[in-house]
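For reference, the structure is listed below as structure tokens.
The values are calculated or read from the model by the stated rules, or taken from the named source; none is laboratory data. Remember, predicted model here, so these are calculated numbers, not experimental data. Virtual Cβ from ideal backbone geometry, glycine too; neighbours counted across all protein chains shown.
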Amino acid sequence: MVEKKKDSSMEMSRRSVLVQGALCATGVATVLAANVETAKAALPQSSVAYRATPNGDKECDNCQFFKAPDACEKVAGKISPKGYCILWHKKA
């Protein structure tokens, strides 16, 4: 009877599969956390078409993201209360 030789390079133990899965999950969690932090970062004024003048009755001081006296949750830099950008959303 001829005995087949096992190729150990093709075998994976349960432990190695679990360890690799855990490492992969850790990597995914790290990437997701980085994306959340990036989403929280303020955007440059140029990327949201910010201007220091209102768009009709749409102005920063009646936007839900405006933080008096001159800041915004979403847009970086000094913000005019009478300014406007495409992220404008009426205060509730």
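Remarks
- Annotation: of all residues in the range 82-92 being in a loop (DSSP other than H, G, I, E, B) and under 13 Å from R51 (Cβ atoms), the one that is nearest to the chain's Cα centre (by Cα) is L87.
- Any hit, the range 9-30, residues being closer than 18 Å to H89 by Cα, hydroxyl-bearing (S, T, Y) and either outside any loop (DSSP other than H, G, I, E, B) or at pLDDT below 65 (or both): no
- Of all the numbered requirements in (1) surrounded by 10 or more Cβ atoms within 10 Å (Cβ to Cβ); (2) modelled with pLDDT of 75 or more, A68 misses one, and that requirement is (1).
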